[in-house]
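K.L.:
Sending over a structure as structure tokens; questions will come in a sec.
The values are calculated or read from the model by the stated rules, or taken from the named source; none is laboratory data. Here the structure is a predicted model, which is why all the values come from computation and not from measurement. With ideal geometry, Cβ positions are generated from the backbone for all residues, glycine too; neighbour counts draw on all protein chains shown. Areas reflect the complete protein model, heavy atoms only, side chains present, ligands, DNA and RNA absent. Shrake-Rupley method; radii C 1.70, N 1.55, O 1.52, S 1.80 Å.
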Amino acid sequence: MSTTYTLDTATSRANPTPAPLKRLTIPAIRRQKGKTPLVMLTAYTVRTAQLLDPHCDMLLVGDSLGQVVYGLPSTVPVTLEMMAAHGAAVVRGSYHAVVVIDMPFGSYEASPEKAFESAAWLLKQTGAAAVKLEGGTAMAPTVKFLTERGIPVMGHVGLTPQAVNVLGGYGARGRTPEEAAKIVADAQSIAEAGAFALVIEGVVEPIAIEITTTIACPTIGIGASAQCDGQVLVAEDMLGMFERTAKFVKRFADIAETIASAAQTYAEDVRTRAFPGPEQVYAPKD
């Protein structure tokens, strides 16, 4: 579902306008169930969105920005304002992918009405197409409430990072029959409530396969199974920005080493006065 763009050189590099201007839609994502796997990555900035957008069906403005961008110990401290600022940047930097924005901890759990207030504000502030929220059966009434009022919702079951304090860590879920049955029931509840897609994170593979084959909406795996209807990773993990990553992450590049090497060369050039050179300074006019 990716496309190739020709950028208008007359526009700014911060906000180029591609031709043709055509963004994917929520119905288009739903129709991909059982077809070519959906591609999803996180994005938090304009420039990252520009680079990832042509290759992705969806861009997730994840509350993982709390750890990736702000160095927080978990996603729990992330605020609506933080999500709105980064969400708006990603929307400005993308033209093809459906932009989904995470609802942070504390912004939706109290009631469906509270969730609607938070979600509507986020979509108005950012221009994103949908919100994502964590939780299973207990959140199904909220998902139904939002979707019936015009807010597309992506669900998230299995390892739910916002509940890390309850779960006791980031380990894989579904290793016992009881936990496996609960995750499957959670997924079915969220799908039946109207979610257009469902993230399955950090579960043993048979659970992900069972969910994928039994629910109507596309499943997006992260630490789940290649049999899911799509995959998502934190872009910085995929790019090799961090030395420590989860078991389910594959590093497709080593950007951290590239950045460190460039910074080292820059520092050496500055200290030896090799930079700036004649080509980087302004000469007086004749």
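K.L.:
Which of the following residues is open to solvent by 20 Å² or more (accessible area, probe 1.4 Å) and either over 20 Å from residue 60 (Cα atoms) or touching a strand residue (DSSP E or B) at 6+ places or on another chain (Cβ under 6 Å) (or both): 236, 179? Spell out the reasoning first.
P.N.:
Numbers: 236 fails: either over 20 Å from residue 60 (Cα atoms) or touching a strand residue (DSSP E or B) at 6+ places or on another chain (Cβ under 6 Å) (or both).
Answer to the selection: 179.
K.L.:
Moving on. Restricting the range 90-111 to residues that are of a type outside the set (A, V, I, L, M, F, W, C) and outside any loop (DSSP other than H, G, I, E, B), which is farthest from residue 157 (Cα to Cα)? Can you show your working first?
P.N.:
Just the residues of the range 90-111 that are of a type outside the set (A, V, I, L, M, F, W, C), to begin with: 92-96, 102, 104, 106-109, 111.
Narrowing the set further to residues that are outside any loop (DSSP other than H, G, I, E, B) leaves 92, 102.
Values: 92: 29, 102: 14 Å.
Checking each candidate, the answer is 92.
K.L.:
Do we find a residue being of a type in the set (Val, Ile, Thr), out of contact with any Asp or Glu (no Cβ under 9 Å at 6 or more places or on another chain) and assigned to a helix (DSSP H, G or I) anywhere in the range 76-88?
P.N.:
No - not one qualifying residue is present in the range 76-88.
K.L.:
Output the residue which, of all residues in the range 187-227 that are small (Gly, Ala, Ser) and out of contact with any helix residue (DSSP H, G or I) (no Cβ under 8 Å at 6 or more places or on another chain), is farthest from residue 112 (Cα to Cα).
P.N.:
Selected residue: 226.
K.L.:
Condition check: open to solvent by less than 50 Å² (accessible area, probe 1.4 Å) and touching a residue at least 60 places away in the same chain (Cβ under 8 Å). Does residue 96 satisfy that?
P.N.:
The answer is yes for residue 96.
K.L.:
Any idea which of (1) in contact with a strand residue (DSSP E or B) (Cβ under 7 Å, 6 or more places away or on another chain); (2) open to solvent by 70 Å² or more (accessible area, probe 1.4 Å); (3) modelled with pLDDT of 95 or more is the one residue 248 doesn't satisfy?
P.N.:
(3)
K.L.:
Can you name the residue in the range 119-155 that is out of contact with any helix residue (DSSP H, G or I) (no Cβ under 8 Å at 6 or more places or on another chain) and open to solvent by less than 10 Å² (accessible area, probe 1.4 Å) and, of all such residues, is nearest to residue 88 (Cα to Cα)?
P.N.:
That would be 132.
K.L.:
Which condition does residue 73 not pass, out of (1) modelled with pLDDT under 95; (2) in contact with a Leu (Cβ under 7 Å, 6 or more places away or on another chain), if it passes all the others?
P.N.:
Evaluating residue 73 over (1) modelled with pLDDT under 95; (2) in contact with a Leu (Cβ under 7 Å, 6 or more places away or on another chain) leaves (2) as the failure.
K.L.:
Only one residue in 59, 41, 52 is within 22 Å of residue 249 (Cα to Cα), assigned to a helix (DSSP H, G or I) and of a type in the set (A, V, I, L, M), so which one is that?
P.N.:
Result: 52 is the single residue among 59, 41, 52 that is within 22 Å of residue 249 (Cα to Cα), assigned to a helix (DSSP H, G or I) and of a type in the set (A, V, I, L, M).
Residue-wise test of (1) open to solvent by 40 Å² or more (accessible area, probe 1.4 Å); (2) under 30 Å from residue 69 (Cα atoms).
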{"position": "209", "(1), (2)": "yes, no"}
{"position": "212", "(1), (2)": "no, no"}
{"position": "243", "(1), (2)": "yes, yes"}
{"position": "267", "(1), (2)": "no, yes"}
{"position": "285", "(1), (2)": "yes, no"}
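K.L.:
Among the residues of the range 122-142, which ones are over 19 Å from the mean Cα position of the chain (by Cα) and either hydrophobic (A, V, I, L, M, F, W, C) or under 15 Å from residue 61 (Cβ atoms) (or both)?
P.N.:
138, 139, 140
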